[in-house]
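The values are calculated or read from the model by the stated rules, or taken from the named source; none is laboratory data. Computed from a predicted structure; not experimentally measured. Heads up, the Cβs are rebuilt from the backbone with ideal geometry, glycines too, and the neighbour counts pull from every protein chain shown.
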2 protein chains.
Amino acid sequence: MTTQTHTAIDKAKLTEQLLAAVEARNIQQIKDLFSHLVEEEIAEILESTPLKERQFLWEAVDSDRQGEILTHTNDEVTANLLESLTPHEIAGITEDLETDDIADIVQSLDSSDQQTLLASLDEVDRNAVEMALTYPEDTAGGIMSTDLISIRADVTLDVVLRYLRKLGELPESTSELFVRDREGKFVGSLKLTVLLTHDEDTLVKEVLNTRIPAIRAFTPEKEVAHFFEKNDLISAAVVNENDQIIGRITIDDVVDIIREEAEHAQMASAGLDEDQDIFAPAARAAKRRTFWLGINLLTAIFASIVIGLFDASIEKIVALAVLMPIIASMGGIAGTQTATIVIRALATGKLARSNSRSLLIKETTVGLFNGVIWAALTGMAVLFWFDDAALSMIFATAMLINLFAAAFAGAMIPLFLQRMKIDPALASGLMLTTVTDSLGFFVFLGLATIVLL
Amino acid sequence: MTTQTHTAIDKAKLTEQLLAAVEARNIQQIKDLFSHLVEEEIAEILESTPLKERQFLWEAVDSDRQGEILTHTNDEVTANLLESLTPHEIAGITEDLETDDIADIVQSLDSSDQQTLLASLDEVDRNAVEMALTYPEDTAGGIMSTDLISIRADVTLDVVLRYLRKLGELPESTSELFVRDREGKFVGSLKLTVLLTHDEDTLVKEVLNTRIPAIRAFTPEKEVAHFFEKNDLISAAVVNENDQIIGRITIDDVVDIIREEAEHAQMASAGLDEDQDIFAPAARAAKRRTFWLGINLLTAIFASIVIGLFDASIEKIVALAVLMPIIASMGGIAGTQTATIVIRALATGKLARSNSRSLLIKETTVGLFNGVIWAALTGMAVLFWFDDAALSMIFATAMLINLFAAAFAGAMIPLFLQRMKIDPALASGLMLTTVTDSLGFFVFLGLATIVLL
């Protein structure tokens with residue numbers, strides 16, 4: 001037995017070798033390369049491969065690994081890979097999957113293929129998949145697996161130990177057994193570590209952990225993730241409305257939720273969806289982004305209209321046109337900094353009505369500090385550049401006002417959107433830019449018109 | 001025994017009650033409210049509380065919970081909370097923590113306090129903490145815990161079972177035992193589920209899992225997280241350069257890494273650090289953000305200089321000043337969409353030299369599509385607004401060029417930064433805005449100057 005240690009796979013090199021093999025149409029070499037990889041890695045490689053090459057790679061994957069791979073690809077890539085398979089083939093590759101994963105795949109199919117796939121399952125699995133389908137994808141019921149072991153509270157650990165040995169195998173990531181009463185209701189859990197360290201004559205109910213409650217099937221996945229993190233859980237039981245144990249959620253599902261949740265904020269701020277194929281056809285990608293550009297156009301036109309109000313002033317003092325983007329840009333950055341902090345605090349549940357006032361005060365104070373500093377610095381720069389004291393004063397005043405307003409708007413807009421039940425990560429950026437651009441232009445050009453003309 | 005299910009704590013309400021109790025200086029009520037919460041929740045509440053109230057709440061926390069709470073607060077908040085404690089008190093509250101957590105706290109102290117704290121530990125713990133301190137914080141060695149159980153391969157499961165029962169308690173989140181050879185070198189792991197389902201006469205080496213290698217102590221934490229996700233692990237062994245087992249990493253550490261990593265991209269794009277106190281004093285927060293605003297000012301001035309090149313044209317056709325922000329703004333949004341996708345693909349390791357060309361082609365095609373669509377639409381809008389066919393044509397052409405260039409720059413800039421070993425999440429946004437603003441102004445004003453004047 002030799003000691004092995006983990007070495008990172010050189011993904012870049014591997015992807016290059018794979019693409020070379022695709023080019024050479026060398027299926028055997030692709031199969032060789034895939035044989036060194038786990039399913040999740042192959043899923044990642046498929047996601048990072050352009051469509052045509054992806055199809056070729058996909059066909060080189062052993063069919064008994066395709067199902068597992070599909071559980072790791074994102075929704076759009078999964079749908080893309082399923083396109084090339086017949087309903088019969090899909091039934092074949094999914095038969096060994098856990099029922100929650102089958103349910104996810106069923107949701108990517110059109111309804112006639114769904115029926116074919118469901119019909120191909122045995123009754124136990126079909127019932128489990130149909131149950132999973134009754135819960136929304138982003139709830140505990142939608143992500144749970146039905147593969148779990150539950151025991152009664154009034155038996156001894158010795159009975160449990162013999163039962164497990166008889167089973168011969170436990171579901172993956174089992175770290176605890178769930179304890180049910182006569183009616184299948186959840187009463188607590190028995191950690192394997194407790195089972196292993198206590199006397200065999202002990203009754204389950206004596207060492208039962210009742211501190212960690214079960215999760216209701218309709219609990220949103222975000223709350224599930226928070227519950228896991230808070231209690232450092234590896235698995236938790238899911239119960240139906242009658243408190244009966246119907247499934248189990250494990251930490252690897254939660255890791256996926258956390259990753260998606262955190263990525264969501266990043267992608268949403270650019271009007272993007274985190275569950276998309278980076279190699280989606282250009283026309284489809286363009287169509288999706290068009291909406292966002294359209295909304296942005298409206299905000300940009302609004303800012304233009306503000307400028308248009310002062311066209312006579314700009315005609316007389318062209319320096320105004322030269323300087324106005326600086327005020328808008330600085331306001332945009334300052335506001336974005338505040339908004340990013342507030343959006344993140346909201347997403348992690350750190351901001352409530354009680355402390356949002358304190359944060360608003362802090363952020364506007366920061367805005368005021370920044371406003372004073374940058375008004376002074378940029379005012380001097382303008383004086384130096386245009387040699388015009390009045391213009392410099394006006395510029396500095398507008399900068400001060402816009403940085404202060406940007407901080408205020410950067411804090412208020414996400415709070416307001418949250419109150420309105422609109423995703424702050426999605427809409428804050430554009431609303432904020434509308435404020436910082438339009439207000440920046442208005443204050444600067446307006447002051448100039450009053451003072452200089 | 002009653003069935004319990006998880007209900008989300010109403011954090012908003014709770015924080016409000018706590019702040020009311022702070023205002024009323026009612027320590028007993030605070031203690032009552034805290035008694036219903038786990039340490040991680042108290043940590044979150046402290047992070048979401050303004051500085052003065054935070055100090056009051058912190059003093060109301062039982063000292064035997066303070067240490068555990070400090071392991072959940074972010075670096076800046078931890079340092080803030082530690083300020084109020086004497087080195088002796090810090091030694092008291094940290095004595096029951098795991099050694100990796102003590103090491104983290106040691107790093108938040110100044111060097112004389114560090115010595116006091118280290119001196120207060122018993123020899124075993126001090127050695128473990130000192131070992132943890134020799135590894136950078138963001139490596140496997142820096143996040144590992146030294147609390148683990150290792151066994152020999154040549155014993156029977158029965159011996160292992162009796163050993164565990166004698167121990168009476170296993171370290172938290174133990175899902176497997178690590179198997180070492182005579183010299184302490186890692187040879188594999190024994191899952192508790194395997195231990196429970198196999199015959200007691202079986203030798204450990206017969207059921208040993210050698211598929212999952214150990215992690216070297218200097219492996220970066222990002223790679224550790226990827227390794228866990230890829231293999232759906234709950235724990236993994238950490239070895240030193242001699243392959244000897246020196247520690248253990250568990251999934252809850254990995255969840256923290258994943259969350260931080262994903263949040264990093266969001267915060268970095270606004271020039272912020274994810275490990276900061278949202279209630280840091282305004283002056284300190286302003287100072288930090290000043291740097292970012294300064295860099296942005298340079299890019300904004302550059303754009304202004306570009307506008308300044310064409311001041312004579314603007315003086316003659318003031319509509320140019322009115323319309324120019326629209327072109328810059330649309331380019332900024334389109335470029336940001338592409339850059340966000342590329343930054344995310346780079347962060348998740350999905351983009352390598354081999355497929356970046358395909359992505360560049362796809363994104364510039366999207367840029368061209370969007371360019372054509374929005375050039376046509378906005379060109380018509382300008383025609384309608386200003387009733388000037390030449391101006392409309394120029395505007396549409398500039399829009400087309402800027403959207404195309406934005407997509408190209410949005411893809412190239414993060415790739416280039418990555419190649420230069422600069423964090424793309426941090427610097428892409430500003431560089432991109434410089435391109436889309438300056439180029440947008442230059443093309444539009446330049447074309448107008450050539451054609452209209």
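Can you confirm whether the stretch B:387-394 contains a residue that is out of contact with any helix residue (DSSP H, G or I) (no Cβ under 8 Å at 6 or more places or on another chain) and either surrounded by fewer than 17 Cβ atoms within 10 Å (Cβ to Cβ) or at pLDDT below 95 (or both)?
First, pick out the residues of the stretch B:387-394 that are out of contact with any helix residue (DSSP H, G or I) (no Cβ under 8 Å at 6 or more places or on another chain): B:387.
Among the residues that remain, those that are also either surrounded by fewer than 17 Cβ atoms within 10 Å (Cβ to Cβ) or at pLDDT below 95 (or both) are: B:387.
Yes, there is a match, as at least one residue in the stretch B:387-394 is out of contact with any helix residue (DSSP H, G or I) (no Cβ under 8 Å at 6 or more places or on another chain) and either surrounded by fewer than 17 Cβ atoms within 10 Å (Cβ to Cβ) or at pLDDT below 95 (or both).
So, residue A:242, is that one at pLDDT 90 or above and surrounded by fewer than 19 Cβ atoms within 10 Å (Cβ to Cβ) or not?
yes
For every residue, the table says whether it meets (1) under 15 Å from residue A:439 (Cα atoms); (2) at the interface with another protein chain (Cβ under 7 Å from one of its Cβ atoms).
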| residue | (1), (2) |
| --- | --- |
| A:287 | no, no |
| A:294 | no, no |
| A:297 | no, yes |
| A:306 | yes, no |
| A:310 | yes, no |
| A:352 | no, yes |
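Residues that are under 28 Å from the mean Cα position of the chain (by Cα) and over 18 Å from residue B:446 (Cβ atoms), at least 2 per element: which helices (runs of 4 or more DSSP H) completely within the stretch B:286-398 meet that?
B:319-347, B:353-386
Restricting to the stretch B:92-136, name every residue that is part of a helix (DSSP H, G or I) and surrounded by fewer than 16 Cβ atoms within 10 Å (Cβ to Cβ).
Those that are part of a helix (DSSP H, G or I) and surrounded by fewer than 16 Cβ atoms within 10 Å (Cβ to Cβ): B:107, B:111, B:112, B:115, B:116, B:119, B:123, B:124, B:127, B:130, B:134.
Would you please list the contacts, defined by Cβ atoms under 8 Å and residues six or more apart or on different chains, that run from a residue in the stretch B:277-293 that is farther than 14 Å from residue A:335 by Cα to a residue that is aromatic (Phe, Trp, Tyr)?
Every condition considered, the pairs that remain are B:282/A:369; B:283/A:369.
Could you say which residue among A:162, A:216, A:211 is farther than 30 Å from residue B:162 by Cβ and out of contact with any Leu (no Cβ under 9 Å at 6 or more places or on another chain)?
A:216
Tally up the residues in the stretch B:272-285 that are surrounded by 15 or more Cβ atoms within 10 Å (Cβ to Cβ) and either in contact with a Leu (Cβ under 7 Å, 6 or more places away or on another chain) or more than 7 Å from chain A (Cβ to nearest Cβ) (or both), please. Spell out how you get there, then give the answer.
Just the residues of the stretch B:272-285 that are surrounded by 15 or more Cβ atoms within 10 Å (Cβ to Cβ), to begin with: B:272, B:274, B:276-280, B:282, B:285.
Those left that are additionally either in contact with a Leu (Cβ under 7 Å, 6 or more places away or on another chain) or more than 7 Å from chain A (Cβ to nearest Cβ) (or both): B:274, B:276-280.
Residues flagged as surrounded by 15 or more Cβ atoms within 10 Å (Cβ to Cβ) and either in contact with a Leu (Cβ under 7 Å, 6 or more places away or on another chain) or more than 7 Å from chain A (Cβ to nearest Cβ) (or both) within the stretch B:272-285 amount to 6.
Output yes when any residue across the stretch A:251-267 is crowded, with 24+ Cβ neighbours inside 10 Å and more than 7 Å from chain B (Cβ to nearest Cβ), and no when none is.
Scanning the stretch A:251-267, I find at least one residue that is crowded, with 24+ Cβ neighbours inside 10 Å and more than 7 Å from chain B (Cβ to nearest Cβ), so the answer is yes.
Among the residues of the stretch A:143-165, write down those that are crowded, with 20+ Cβ neighbours inside 10 Å and of a type in the set (Gly, Ala, Ser).
Within the stretch A:143-165, A:145 is the sole residue that qualifies.
Take residue B:203 and decide whether it is away from every other protein chain (no Cβ under 12 Å), hydrophobic (A, V, I, L, M, F, W, C) and either over 21 Å from residue B:238 (Cα atoms) or loosely packed, with under 14 Cβ neighbours inside 10 Å (or both).
Here the answer is yes, as residue B:203 does meet what is asked.
Conditions (1) part of a helix (DSSP H, G or I); (2) farther than 28 Å from residue B:225 by Cα; (3) acidic (Asp, Glu), marked per residue:
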| position | (1), (2), (3) |
| --- | --- |
| A:212 | no, no, no |
| A:223 | yes, no, yes |
| A:226 | yes, no, no |
| A:246 | no, yes, no |
| A:249 | no, no, no |
| A:267 | yes, no, no |
| A:274 | no, no, yes |
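Yes/no per residue for (1) closer than 29 Å to residue B:253 by Cα; (2) not hydrophobic (A, V, I, L, M, F, W, C):
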site	(1), (2)
A:147	yes, yes
A:177	yes, no
A:188	yes, yes
A:196	yes, no
A:200	no, yes
A:205	no, yes
A:213	yes, yes
A:228	yes, no
A:240	no, yes
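Between A:69, A:9, which is surrounded by fewer than 21 Cβ atoms within 10 Å (Cβ to Cβ) and either modelled with pLDDT of 90 or more or within 14 Å of another protein chain (Cβ to nearest Cβ) (or both)?
A:9
Would you check which residues across the stretch B:137-181 are part of a loop (DSSP other than H, G, I, E, B), free of Cβ contacts under 8 Å to residues at least 60 places away in the same chain and either under 26 Å from the mean Cα position of the chain (by Cα) or away from every other protein chain (no Cβ under 13 Å) (or both) and list them?
If the condition is that a residue be part of a loop (DSSP other than H, G, I, E, B), free of Cβ contacts under 8 Å to residues at least 60 places away in the same chain and either under 26 Å from the mean Cα position of the chain (by Cα) or away from every other protein chain (no Cβ under 13 Å) (or both), then B:137, B:155 are the ones that fit.
Kindly indicate whether residue A:216 is surrounded by fewer than 20 Cβ atoms within 10 Å (Cβ to Cβ) and closer than 27 Å to residue A:262 by Cβ.
Yes.
Which is at the interface with another protein chain (Cβ under 10 Å from one of its Cβ atoms) and at pLDDT 95 or above, of B:383, B:403?
Testing whether each residue is at the interface with another protein chain (Cβ under 10 Å from one of its Cβ atoms) and at pLDDT 95 or above leaves just B:403.
Look at the stretch A:312-336 and say how many of its residues are facing chain B (nearest Cβ under 7 Å) and not small (Gly, Ala, Ser).
10
Hey, does the stretch B:441-448 have a residue that's modelled with pLDDT of 95 or more, out of contact with any helix residue (DSSP H, G or I) (no Cβ under 8 Å at 6 or more places or on another chain) and either of a type in the set (S, T, N, Q) or farther than 20 Å from residue B:365 by Cβ (or both)? First the steps, then the outcome.
So the first thing to find is which residues in the stretch B:441-448 are modelled with pLDDT of 95 or more, and the list is B:441-448.
Next cut, out of contact with any helix residue (DSSP H, G or I) (no Cβ under 8 Å at 6 or more places or on another chain) only: B:446.
The next check asks that each one be either of a type in the set (S, T, N, Q) or farther than 20 Å from residue B:365 by Cβ (or both); those that pass are B:446.
Taking every residue of the stretch B:441-448 in turn, at least one turns out to be modelled with pLDDT of 95 or more, out of contact with any helix residue (DSSP H, G or I) (no Cβ under 8 Å at 6 or more places or on another chain) and either of a type in the set (S, T, N, Q) or farther than 20 Å from residue B:365 by Cβ (or both).
Considering only residues of the stretch B:216-233 that are within 9 Å of another protein chain (Cβ to nearest Cβ) and in contact with a Gly (Cβ under 9 Å, 6 or more places away or on another chain), which is modelled with the lowest pLDDT?
Restricting to residues being within 9 Å of another protein chain (Cβ to nearest Cβ) and in contact with a Gly (Cβ under 9 Å, 6 or more places away or on another chain), the top hit is B:226.
Farther than 21 Å from residue A:272 by Cβ, part of a helix (DSSP H, G or I) and away from chain B (no Cβ under 13 Å): which single residue out of A:444, A:408 fits that description?
A:408
Within the set of pairs 6+ apart or on separate chains, which have a first residue in the stretch B:316-338 that is in the same structural domain as residue B:397 (by TED's automatic domain parsing), a second that is outside any helix (DSSP H, G or I), and C-beta atoms under 7 Å apart?
Every condition considered, the pairs that remain are B:316/B:453; B:336/A:270; B:337/A:270; B:337/A:271; B:337/A:272.
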